2 protein chains.
Amino acid sequence: MTEKPKRRDTAGLIAAELAGTAKPHTAYELLERLRPSGVFAPTTVYRALEKLLASGKIHRIESLNAFVACRGAEGAPHDHGHGELGIGFTVCDRCAAVAEFEDASLQSRIEAAAAAGAFVPRSSIVEIHGLCAACAGEGPAAGRP
Amino acid sequence: MTEKPKRRDTAGLIAAELAGTAKPHTAYELLERLRPSGVFAPTTVYRALEKLLASGKIHRIESLNAFVACRGAEGAPHDHGHGELGIGFTVCDRCAAVAEFEDASLQSRIEAAAAAGAFVPRSSIVEIHGLCAACAGEGPAAGRP
DNA sequence: ATCAATTTGTAACGTTATAACAATTACGAC
DNA sequence: GTCGTAATTGTTATAACGTTACAAATTGAT
């Protein structure tokens, strides 16, 4: 049996929108999609996003001001908080696909870099822009579809 | 002799504002500071920022939507384009100070992570949030000054 | 001088994010 | 049950960040 929440579960709706695609969505794109469900204000969306971020169910792509579902490194959702050291994203500049990766040695390089400046790291943002395999194969640097 | 430009050199004014501080400035903060010099429109500021970014004189901190002068890894300005693989920033969450670092092995980790996903990297964003040496020393996690 | 190309300025708009406060719901105490 | 309180959600407005479209000025070649 699935629970039927008394209150509207905005976070659940957003998670559902983000699941099943590697494309990031902005808060306002999500708002548009949730309008039919009765969500009309940015605040509502941002609050739900905040919760999803805190619980590690989604990630924010800083360079796009957009959000993706957490899918883990190999497509399996995992259970880390967002901003954890050692995770990163590739972002295709042509098709917008985002993939997540986790790399212990990347994490140690980041910690070393911080330590070199006597900096105490808490979270890190790693975003690699370029072309995904599919787009790189389609001929060099064409415009967006 | 210094050149006296016929046109106002907005980029130069911005570079001057950003030089001499490790604190990032947003485009609109810069606009405020340039108002006395006759700059009144965001467009003007963004165009100048674009040029400075392209020439590698400044960097954009994605997680702050703000800009800092390029100071190189050890405080010496250097000559790379922005977004180059292998450079990164530490961002103090308490005092906002930003420091730049360059790390060849970080770069190779990023390239390896991209390669693992058959991704063709073009540029990368590495931003470490936490506490700078000074703020970490002042007792744990106080509020901002 | 005149023209085209480039750069800069202006005005308006679009997008992203937050603040302040009101209304609703959940839930335990009584 | 109903009262009181805390937590959540909704509403409205506004702040912060960024772009578009087009007009005006400057440059430099003809």
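The residue list A:13, A:31 contains one member that is outside any loop (DSSP other than H, G, I, E, B), surrounded by 14 or more Cβ atoms within 10 Å (Cβ to Cβ), more than 14 Å from the chain's Cα centre (by Cα) and at pLDDT below 90, which is A:13.
Considering only residues in the range B:111-128 that are buried (at least 20 other Cβ atoms within 10 Å of the Cβ) and not aliphatic (A, V, I, L, M), the one that is farthest from residue B:87 (Cα to Cα) turns out to be B:119. Scanning the range B:99-138 for residues that are in a helix (DSSP H, G or I), within 7 Å of another protein chain (Cβ to nearest Cβ) and of a type in the set (Ser, Thr, Tyr) yields a single hit, B:105. Within the range A:49-65, residues that are within 14 Å of chain B (Cβ to nearest Cβ) sit with their Cβ atoms under 9 Å from residues that are away from DNA strand D (no atom under 11 Å from the Cβ) and basic (Lys, Arg), at 6+ positions apart or across chains, in these pairs: A:53/A:60.
Residues that are of a type in the set (S, T, N, Q) and surrounded by fewer than 15 Cβ atoms within 10 Å (Cβ to Cβ) within the range B:34-70 comprise B:37, B:43, B:55, B:65, listed in sequence order.
For residues in the range A:66-77 being at pLDDT below 90 and away from chain B (no Cβ under 14 Å), which is farthest from the chain's Cα centre (by Cα)? It comes out as A:76.
The values are calculated or read from the model by the stated rules, or taken from the named source; none is laboratory data. As the structure is a computational prediction, the values presented were derived from the model and not from experiment. Heads up, the Cβs are rebuilt from the backbone with ideal geometry, glycines too, and the neighbour counts pull from every protein chain shown.
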